[in-house]
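S.K.: Please find one structure pasted underneath; my questions will follow.
The values are calculated or read from the model by the stated rules, or taken from the named source; none is laboratory data. Predicted, not measured: the structure shown is a model, and the values here were computed from it. Glycine also receives a Cβ, built like all others from the backbone with ideal geometry; neighbour counts cover every protein chain displayed. SASA here: full protein model, heavy atoms, side chains in, ligands and nucleic acids out. Shrake-Rupley method; radii C 1.70, N 1.55, O 1.52, S 1.80 Å.
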Amino acid sequence: MVTSVVKIGRNDLCPCGSGKKYKRCCLGAVEAEHDVWADVQDAHKRVTQKLMLFAIGSFREDMERVWEDFHFNEPPGPYSPHSPHNPVFVPFFLFAWTGSGENDRPSPGIVARTFLRKYVGPLDAMERRLLEISLSEPVSFYEILTCRPGEGFTVRDVMTMREMDVKERSASPLVRAGDIIYAQMSPMPEITTMAFCAMTIIPPGKKAEIVKFRAVMQRLLGKATLAPVDLVANERGLRRTYLLLHRHLTTPPVLCNTDGDPLLPHTMTYEIGSAQAAFDALAPLCVTHSREELLEEAEFDARGELTKAEITWSKKGNRQNKTWDNTTLGTLSIEGRSLVATVNSAERAALLRKEIDKRLGLAAVHKSTTTQSPDELLRQARQGLPVPRREQTPEMERVARDFVQREIDAWPKKKIPVLGGRTPMQAVKDNDGREIVEGLLLEMERNMERQFPGKIRPDVGAVRRSLKLPPRG
C-alpha cells in the first residue's frame, strides 16, 4: 500500500480548523518540533559514536563473544556490519550486554556504564539524558496504531500496553497500521523519538507469538500488567522471541499441497497404443465430471476417433479443508499415442503411476519422469521467464471469489493451531485470544487486498461481524 503525504503550503488554511493561514497558526509549532527532533537525532548519533570509539578501544576483543551472546551461542556466522541484525545488535552491545560473565551478578549495559565511569570528555545534557534512557528503556515489540508517513506514528507496546506518539521521519513511510516493530523508544517531556529499530517488520499475523510470550511473563511474575522495568530485566526473552520471529519471516516456507505433501512437480510421459482405450480406462479417475462431460471438451479426427482429451484426476473431499467437496490431484493429457500426467508431489506421482499401470497395463509404456523443484520455479519467476497462466473470465473470478468467501465464512468455527486448537469463536472470549484473532484477521484482509483487487474482493468484514469485533479502522 502506498500512502501519499499531502504537503501543506504556508498560505493554505491550517488543517487544525482554526480558519487561519497555516503560517500564522500551527506552522511555528511544527517547525519547532522538527528542530527538537533534529537535535535529538544528532545527540543520538554523537552518543553512539563516542560509545563505539570507547568500545573499540576497551572491548574490541569481546566483539565476537558479544555476537555469540546476542544469538544465544548459535550465531549465523561471524559478525558482519552488514548483518540485518546490526541495527539492534550494536545497541545491545552498548546498552544491554552484561559482560564476559566474570562477575557473579553481571550488570546490563557494561559498555555504557564503564564509559560513564571512565570517559573524560564532555557530555552535554541531552547526550547524558539519552544515554540514561537507553539504559533504562526496554527494547520491546511496538504495534503501529496510526501512521503519518514522513512524520511519525502512534504505537502501543504489545508487552506493557503503554502507548506513545513517536516522531520518526525515516521509518514511518515503511510501516502501516497493524505492523509490529522490535525497537527502543526515547520518551522525553518535549518529544518521543525512536532510538533504533530492527529491519524486520513483523506482520499482524505473527502477533500471536508475542502475546503468548507476554502471557508467560505475566504468569511467571504474577502480574496482570507488565511494566517497562520488567522488560528490561527480561531482555533475553524478548530478544529470543525477536530472533525466532526473524527466522520464521526470512526462512522460505516448506510448500505443501492440500494433502500435506511437500511440493515437487512431476511430469510422467507414457507411450500408449490407443487414445480411446487410454481415455476409457482413466476417465473414472475424475470425480467432478462424467465421461460424457469430459468428451465434450475432447477432439476427434475426421473419422470420429478420439485424438485429444484431458482428464482431471480428483477425489471427493479434502483432508485439511473439510468444507471442500473435492480435491484436484493432477491432470492427464492424452494426445495421439502420448499420455502426459502431471502432479505436484512425489507421493501423488507414485500413486498415479500405480493407477496408470493397473488400468492400462501393457497398453502404456513409461518413457520418462521429470521433476521441477520449488526453487527452480522461484528462480524462473525471478528471471522473468514466462509462467503459464489461464486467463480469468468474469465467471471464473466470481466462482473463485465465492469459493474463498465460503472458506472465510467458515473460518470462525475452524480449529486454528496458533490459537491452541481453539476456534476463533472460542478464542475471542478472552483478551489474549481476541488480540491474536484481531491480528489474524488483519493479515487475512491484507491477503485479500493483494489477491482479489476491486469489486471481487471477498468480505472479511463478515467474519468481524460474526465474532462481534469492531470493523477495521
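S.K.: Considering each of 119, 182 in turn, give the residue that is of a type outside the set (S, T, N, Q) and within 17 Å of residue 439 (Cβ to Cβ). Write out each step before concluding.
M.R.: On the way: 119 fails: within 17 Å of residue 439 (Cβ to Cβ).
Only one candidate qualifies: 182.
S.K.: So, one more: Could you check region 198-222 and list, in sequence order, the residues that are within 28 Å of residue 443 (Cβ to Cβ) and part of a loop (DSSP other than H, G, I, E, B)? Please lay out each step first, then the result.
M.R.: Taking region 198-222 first, the residues within 28 Å of residue 443 (Cβ to Cβ) are 198-219.
If the condition is that a residue be within 28 Å of residue 443 (Cβ to Cβ) and part of a loop (DSSP other than H, G, I, E, B), then 198, 199, 200, 201, 203 are the ones that fit.
S.K.: Related question: What residue, of 195, 281, is in contact (Cβ under 8 Å) with a residue 60 or more places away in the chain, part of a helix (DSSP H, G or I) and either β-branched (Val, Ile, Thr) or crowded, with 16+ Cβ neighbours inside 10 Å (or both)? Steps first, please.
M.R.: Values: 195 fails: part of a helix (DSSP H, G or I).
Exactly one residue qualifies, and that residue is 281.
S.K.: Something else about it: Could you list, in sequence order, the residues of region 223-241 that are in a helix (DSSP H, G or I) and charged (D, E, K, R)? Even if it seems obvious, please write down each step before you answer.
M.R.: Pass one, region 223-241, residues in a helix (DSSP H, G or I): 228-233, 235-241.
Within region 223-241, 230, 235, 236, 239, 240 qualify.
S.K.: To continue, here is another question. Looking at 339, 329, which one is assigned to a strand (DSSP E or B) and closer than 22 Å to residue 404 by Cα? Full working, then the answer.
M.R.: Numbers: 339 fails: closer than 22 Å to residue 404 by Cα.
The match here is 329.
S.K.: Continuing with the same structure: Kindly indicate whether any position in region 140-158 is of a type in the set (Gly, Ala, Ser) and in a helix (DSSP H, G or I). First the steps, then the outcome.
M.R.: Step one: list which residues in region 140-158 are of a type in the set (Gly, Ala, Ser), which gives 140, 150, 152.
After this cut, where a residue has to be in a helix (DSSP H, G or I) as well, the list is none.
No: region 140-158 contains no residue that is of a type in the set (Gly, Ala, Ser) and in a helix (DSSP H, G or I).
S.K.: Another question, if that's okay. Is it fair to say residue 310 is surrounded by fewer than 18 Cβ atoms within 10 Å (Cβ to Cβ), within 42 Å of the chain's Cα centre (by Cα) and within 21 Å of residue 349 (Cβ to Cβ)?
M.R.: Numbers: surrounded by fewer than 18 Cβ atoms within 10 Å (Cβ to Cβ): yes; within 42 Å of the chain's Cα centre (by Cα): yes; within 21 Å of residue 349 (Cβ to Cβ): yes.
Considered against the rule, which asks whether it is surrounded by fewer than 18 Cβ atoms within 10 Å (Cβ to Cβ), within 42 Å of the chain's Cα centre (by Cα) and within 21 Å of residue 349 (Cβ to Cβ), residue 310 comes out as yes.
S.K.: While we're here: Does residue 244 meet the test of being under 22 Å from residue 144 (Cβ atoms), open to solvent by 70 Å² or more (accessible area, probe 1.4 Å) and in a helix (DSSP H, G or I)? Can you show your working first?
M.R.: Values: under 22 Å from residue 144 (Cβ atoms): yes; open to solvent by 70 Å² or more (accessible area, probe 1.4 Å): yes; in a helix (DSSP H, G or I): yes.
Yes.
S.K.: Follow-up. Taking the condition of being under 15 Å from residue 339 (Cβ atoms) and assigned to a loop (DSSP other than H, G, I, E, B), how many residues in region 260-278 meet it?
M.R.: Initial filter on region 260-278 (under 15 Å from residue 339 (Cβ atoms)): 266-278.
If we keep only those that are assigned to a loop (DSSP other than H, G, I, E, B) as well, we get 273-274.
Total satisfying the criteria: 2.
S.K.: How many residues are open to solvent by 10 Å² or more (accessible area, probe 1.4 Å) and either under 23 Å from residue 444 (Cβ atoms) or more than 23 Å from the chain's Cα centre (by Cα) (or both) when one looks only at region 169-178? Steps first, answer last, please.
M.R.: As a first pass, look at region 169-178 and keep what is open to solvent by 10 Å² or more (accessible area, probe 1.4 Å): 169-171, 173-177.
Among the residues that remain, those that are also either under 23 Å from residue 444 (Cβ atoms) or more than 23 Å from the chain's Cα centre (by Cα) (or both) are: 169, 174-177.
Summing the residues that are open to solvent by 10 Å² or more (accessible area, probe 1.4 Å) and either under 23 Å from residue 444 (Cβ atoms) or more than 23 Å from the chain's Cα centre (by Cα) (or both) in region 169-178 gives 5.
S.K.: Which number in (1) among the small types (Gly, Ala, Ser); (2) open to solvent by 40 Å² or more (accessible area, probe 1.4 Å); (3) assigned to a strand (DSSP E or B) marks the one condition that residue 186 misses?
M.R.: (2)
S.K.: Of all residues in region 414-447, count the ones that are touching a Pro at 6+ places or on another chain (Cβ under 8 Å), among the charged types (D, E, K, R) and more than 14 Å from residue 204 (Cα to Cα).
M.R.: Count: 1.
S.K.: For residue 33, are the conditions met, namely being assigned to a helix (DSSP H, G or I), acidic (Asp, Glu), modelled with pLDDT under 65 and open to solvent by less than 80 Å² (accessible area, probe 1.4 Å)?
M.R.: Numbers: assigned to a helix (DSSP H, G or I): yes; acidic (Asp, Glu): yes; modelled with pLDDT under 65: yes; open to solvent by less than 80 Å² (accessible area, probe 1.4 Å): yes.
Taking the combined requirement at face value, the residue satisfies it.
S.K.: Can you list residue pairs whose Cβ atoms sit under 9 Å apart, with the first residue in region 67-92 being at positive phi and assigned to a loop (DSSP other than H, G, I, E, B) and the second being open to solvent by 50 Å² or more (accessible area, probe 1.4 Å) and basic (Lys, Arg)? Count only pairs 6 or more apart in sequence or on different chains.
M.R.: Qualifying pairs under 9 Å: 72/236; 72/240.
S.K.: Taking into account only those residues within region 401-424 that are within 20 Å of residue 458 (Cα to Cα) and open to solvent by 40 Å² or more (accessible area, probe 1.4 Å), which is modelled with the lowest pLDDT? First the steps, then the outcome.
M.R.: Let us first name the residues in region 401-424 that are within 20 Å of residue 458 (Cα to Cα), namely 401-414, 424.
Retained after the next criterion (residues that are open to solvent by 40 Å² or more (accessible area, probe 1.4 Å)): 401-403, 406, 409, 413-414.
On the way: 401: 77, 402: 82, 403: 80, 406: 86, 409: 90, 413: 92, 414: 91.
Residue satisfying both the conditions and the ranking: 401.
For (1) within 19 Å of residue 368 (Cα to Cα); (2) crowded, with 16+ Cβ neighbours inside 10 Å; (3) touching a helix residue (DSSP H, G or I) at 6+ places or on another chain (Cβ under 8 Å); (4) at pLDDT 95 or above, each residue gets a yes or a no:
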| position | (1), (2), (3), (4) |
| --- | --- |
| 285 | no, yes, yes, yes |
| 288 | no, no, no, no |
| 293 | no, no, no, no |
| 318 | no, no, no, no |
| 327 | no, yes, no, no |
| 344 | yes, yes, no, no |
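S.K.: Let me ask another. Mind counting the residues in region 61-75 that are closer than 19 Å to residue 85 by Cα and open to solvent by 30 Å² or more (accessible area, probe 1.4 Å)?
M.R.: Within region 61-75, the first condition is being closer than 19 Å to residue 85 by Cα, and the residues that meet it are 62-75.
Filter again for open to solvent by 30 Å² or more (accessible area, probe 1.4 Å), leaving 62-65, 68-69, 72-75.
Of the residues in region 61-75, 10 are closer than 19 Å to residue 85 by Cα and open to solvent by 30 Å² or more (accessible area, probe 1.4 Å).
S.K.: Quick one: which residue in 196, 213 is touching a Ser or Thr at 6+ places or on another chain (Cβ under 7 Å) and of a type in the set (Phe, Trp, Tyr)? Show your work before the answer.
M.R.: Values: 196 fails: touching a Ser or Thr at 6+ places or on another chain (Cβ under 7 Å).
The unique qualifying residue is 213.
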